[in-house]
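First comes the structure, then the notes that go with it.
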Amino acid sequence: MPFILTGMNPSPNVFERLAAGQEERAVLVRATVHELQTNPAYQPHFAGYTPDSVAAFIEQYALRKAGYVFDGPQRAKYFEAGSTEVQERAQTQLWSIQQKKLFDLQCRWRAGLFQHPDIHVTDQFDYWGRHPERCPFLPAITPEEVALYLDYLNQPDCPEGDWSRYRRTPLWQDYHHLRSEHYPDELALLPPDSHVFTGSEEAFDDEDEDEEEDKDDFDDDDEEEDEGPAYPSWYRFYDQHHGTGHLRHLHNVRGLREQHYQQLHLADSWRNPPAAPPAPVAPALAAAADTTPAPATETPADSMAEPQSEPMAPEPPQEPVAPVAPYVPETRPWLSLYGEADFRMVMEQIDPTPGLMELRRAQEQGIEDRDNEDAEGALLAFCNLRDSPLVVPIEADAPDWRPALRQAELLLRRQQLARALPHAYDDYCQRQALGLAQNPSPLEHTWDDETTEPWNINYAREQVLHGRELAGEPRDFDY
């Protein structure tokens with residue numbers, strides 16, 4: 001019985017290209033065999049071996065050469081893509097250093113401890129978090145900061161080696177989210193009279209109900225997927241070495257003032273809405289509204305006669321309307337194929353197929369094993385470990401080989417990042433020295449359409465200026 005491809009309708013051009021590729025491969029094999037058999041330059045190398053082994057060697061050499069020539073470029077691209085991914089990851093990790101510095105400056109600006117003429121509203125920090133290379137006041141990355149980040153990568157519990165799709169990108173500048181949890185050691189560093197956010201209702205006092213609403217506005221699905229703490233592990237490592245963990249608990253002075261001015265603006269907009277533009281008038285209505293009298297014309301006498309009415313056509317007979325049956329609500333339950341109890345009832349009481357329950361259980365177990373996240377992660381980890389020239393150890397006497405393999409892959413990724421990070425920093429320093437704009441993060445930069453600041457920042461600026469004007473204050477950002 002011939003093999004039939006079901007569910008596919010390949011184009012004839014596909015088979016033509018495959019056939020052409022095989023023919024080119026066969027031509028190269030024949031040419032190589034002929035060259036090795038007839039070229040006198042090669043014969044002295046084969047003179048000391050038996051003729052049968054020489055013939056087999058030439059045939060195998062030609063086949064392997066064709067494989068290298070035709071399949072090697074694709075394999076080389078695969079390894080090159082892996083190397084490029086590591087370099088891109090290293091550039092992304094380099095920007096993590098700036099993200100932490102920007103978040104600390106945001107906390108200090110909100111608390112009134114830092115001022116800069118380019119900072120007007122809180123929305124700018126979210127924008128600079130997406131484009132840290134555009135922030136005008138961030139100090140340059142120093143070698144000491146790179147060395148600290150390398151120490152962070154060497155931590156056994158460092159999550160930066162997890163490149164799977166299951167790991168969420170940290171919310172680098174989400175102020176309300178990142179201060180949603182606190183630690184006593186961080187609060188102990190604050191002055192005694194500091195107003196801090198502790199996550200409880202008492203900490204809000206009567207100051208920012210809007211902040212509570214913003215904090216609760218997160219997607220429930222995202223919260224379920226994010227099993228780790230909201231605060232990024234790199235931020236916590238940096239805080240432990242620089243004592244900056246208390247900054248996120250400082251009082252949100254400017255943020256609350258900004259909300260106050262914005263509320264004044266919105267309240268005034270509700271009370272004094274802008275006048276609506278006049279509705280367009282249709283040409284027929286405009287002609288009817290024209291009161292200019294039309295010029296008098298003589299009316300013929302015959303036109304005064306009443307017009308003759310045309311006889312009306314008889315109406316078609318109407319079909320009798322069938323009476324509508326009264327609505328009776330459906331009270332019977334819905335029989336669902338996916339209902340466990342209904343399906344089991346049919347299998348056990350109606351379907352006579354022997355062993356169907358055991359077959360169902362085996363099938364579902366096979367699907368569960370196939371789609372298991374640990375099994376998929378272990379397979380990918382094995383492929384990544386296999387393709388890397390670096391050799392990393394696997395935990396000895398691990399109770400389960402799959403998590404052990406996954407941990408080995410994470411260690412490999414961190415080692416790759418540690419090797420690539422100095423090169424990314426050299427490129428960063430070179431662009432700094434030449435006065436060139438820094439390249440954005442190649443992996444987390446997903447806002448390519450933002451060539452300038454988005455509209456919401458200018459709108460927030462106008463809200464603050466208008467609100468200050470309504471409050472009888474100067475129309476500026478010195479608040």
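The values are calculated or read from the model by the stated rules, or taken from the named source; none is laboratory data. Predicted model only: the values in this text are computed from it and were never measured. Quick reminder, even Gly has a Cβ in these numbers, built from the backbone with ideal geometry, and neighbours come from all protein chains shown. Note: areas computed on protein heavy atoms with side chains; ligands, DNA, RNA excluded. Shrake-Rupley method; radii C 1.70, N 1.55, O 1.52, S 1.80 Å.
Across segment 232-256, which residue is surrounded by the most Cβ atoms within 10 Å (Cβ to Cβ) among those that are of a type in the set (D, E, K, R) and touching a residue at least 60 places away in the same chain (Cβ under 8 Å)?
Checking each candidate, the answer is R248.
Residues being in contact with a Ser or Thr (Cβ under 8 Å, 6 or more places away or on another chain) and either surrounded by fewer than 18 Cβ atoms within 10 Å (Cβ to Cβ) or at pLDDT 80 or above (or both): count how many of those fall in segment 375-421. Let's see the steps before the verdict.
Here is the first cut: in segment 375-421, the ones in contact with a Ser or Thr (Cβ under 8 Å, 6 or more places away or on another chain) are 377, 380, 412, 416.
Add one more test, that the residue is either surrounded by fewer than 18 Cβ atoms within 10 Å (Cβ to Cβ) or at pLDDT 80 or above (or both), and what stays is 380, 412, 416.
Result for segment 375-421: 3.
Being modelled with pLDDT of 90 or more and not in a loop (DSSP other than H, G, I, E, B) is the filter here; which residues of segment 224-244 pass it?
S233, W234, Y235, R236, F237, Y238, D239, Q240, H241, H242 - these are the residues of segment 224-244 that are modelled with pLDDT of 90 or more and not in a loop (DSSP other than H, G, I, E, B).
Report, by residue number, each residue of segment 410-438 that is among the charged types (D, E, K, R) and more than 23 Å from the chain's Cα centre (by Cα).
Scanning segment 410-438 gives R419, D426, D427, R431.
Show the residue pairs meeting these rules: Cβ distance below 7 Å; 6+ apart or different chains; first residue within segment 389-407 and under 17 Å from D162 (Cβ atoms); second residue open to solvent by 60 Å² or more (accessible area, probe 1.4 Å) and part of a loop (DSSP other than H, G, I, E, B).
Every condition considered, the pairs that remain are A404/I394; A404/E395; L405/I394; Q407/E395.
Residue-by-condition table, conditions (1) open to solvent by 50 Å² or more (accessible area, probe 1.4 Å); (2) of a type in the set (A, V, I, L, M); (3) out of contact with any Asp or Glu (no Cβ under 7 Å at 6 or more places or on another chain):
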residue	(1), (2), (3)
G112	no, no, yes
Q115	yes, no, yes
F137	no, no, no
P156	yes, no, yes
P170	no, no, yes
H177	no, no, yes
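Please list, ordered by first then second residue, the pairs with beta carbon atoms under 7 Å, 6 or more apart or interchain, first in segment 54-77 and closer than 18 Å to R30 by Cβ, second at pLDDT 80 or above and open to solvent by 90 Å² or more (accessible area, probe 1.4 Å).
I58/Q37
Quick check on my filter: what residues within segment 127-158 are free of Cβ contacts under 8 Å to residues at least 12 places away in the same chain and of a type in the set (A, V, I, L, M, F, W, C)?
A147
From the set of residues in segment 81-114 that are among the charged types (D, E, K, R) and touching a Lys or Arg at 6+ places or on another chain (Cβ under 9 Å), which is farthest from R414 (Cα to Cα)?
Once the filter is applied, the top-ranked residue is R110.
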